[in-house]
Amino acid sequence: MNKIITISREYGAGGHSIGKQVAQQLGIPFYDRDIVRETAKASGFDPELIETEEEDISKADSIFKSICSVSSTYYHDSQDAIHDVQRAIILRLAQEGPCVILGRCADEILRDAGVDSINVFIHADDVHRAVRVSEMTGSKNATEIQKLMAKKDSSRHTYYNRYTGKRWGDSHNYHLTLDSGALGYELCIKLIVEAAQAAQ
């Protein structure tokens, strides 16, 4: 097995947990927050800014402008600068060998660079996602949870569209699109592992 696996996911669909288990079963590295740490180290940006940039474009831009003089930077905003650094890090991680990379347009970054990867999108219905988000956040407020899910997904869609020119979640962009609510996490993990093992 010599493949990189990228996982894009709806908020609350369990993509992080599924990706981590896939990596463990295949005995390869799993990269998520490691990319944030590497980006902070390489760019000098605060990790909090990097995480904000991945979830809330407008807020990140205002933080960036408050700490940087526009005249002193080549970049229009923090998102462009951070995306460029993350792109370089993702390509370096892929060069080091098989791994699982979560989010951050890794599928398109690798495709553009001519690096083979198995690209997966994890989704689920609102009920399954809401239960998981409630567990993650501790919130029992259904309206709050729905708003949070919509906001996170909208941010991911906007980010993906901005840097790939493609529609986030469109099945044409992925090799596997899996409904974790209907299939369950274990079967999703099994299908991704089998796809990775079969791909040569």
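Details
- Residue match in segment 152-175 (condition: surrounded by fewer than 18 Cβ atoms within 10 Å (Cβ to Cβ), within 17 Å of GLY12 (Cβ to Cβ) and of a type in the set (Asp, Glu)): no
- Annotation note: of THR158, THR164, THR177, the sole residue that is closer than 19 Å to VAL100 by Cβ, under 19 Å from the mean Cα position of the chain (by Cα) and hydroxyl-bearing (Ser, Thr, Tyr) is THR177.
- Test: residue in segment 97-110 that is surrounded by fewer than 18 Cβ atoms within 10 Å (Cβ to Cβ), without any contact (Cβ under 8 Å) to a residue 60 or more places away in the chain and assigned to a helix (DSSP H, G or I): no
- Yes/no for VAL127 being free of Cβ contacts under 8 Å to residues at least 60 places away in the same chain and farther than 21 Å from PRO29 by Cα: yes
A quick yes/no check of all residues on (1) at pLDDT 95 or above; (2) surrounded by fewer than 21 Cβ atoms within 10 Å (Cβ to Cβ); (3) part of a loop (DSSP other than H, G, I, E, B):
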{"site": "ILE7", "(1), (2), (3)": "yes, no, no"}
{"site": "GLN21", "(1), (2), (3)": "yes, yes, no"}
{"site": "ASP34", "(1), (2), (3)": "no, yes, no"}
{"site": "ARG37", "(1), (2), (3)": "no, yes, no"}
{"site": "PHE45", "(1), (2), (3)": "no, no, yes"}
{"site": "GLU48", "(1), (2), (3)": "no, yes, no"}
{"site": "GLU53", "(1), (2), (3)": "no, no, no"}
{"site": "SER58", "(1), (2), (3)": "no, yes, no"}
{"site": "SER62", "(1), (2), (3)": "no, yes, no"}
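- Between SER134, SER139, the distinction of being among the polar types (S, T, N, Q), in a loop (DSSP other than H, G, I, E, B) and over 15 Å from the mean Cα position of the chain (by Cα) belongs to SER139 only.
- Residue in segment 119-128 that is buried (at least 20 other Cβ atoms within 10 Å of the Cβ), modelled with pLDDT under 95 and assigned to a helix (DSSP H, G or I) present: no
- Number of residues in segment 161-188 that are aromatic (Phe, Trp, Tyr) and either in contact with a Gly (Cβ under 9 Å, 6 or more places away or on another chain) or in a helix (DSSP H, G or I) (or both): the value is 2.
- If you go through segment 101-148 and keep only what is within 16 Å of GLY19 (Cα to Cα) and of a type in the set (Gly, Ala, Ser), you end up with GLY103, ALA106, SER117, ALA124.
The values are calculated or read from the model by the stated rules, or taken from the named source; none is laboratory data. Fair warning: this is a prediction, and the values are worked out from it, not measured in the lab. Cβ coordinates were reconstructed from backbone atoms using ideal geometry, including for glycine residues, and neighbour counts include every protein chain displayed.
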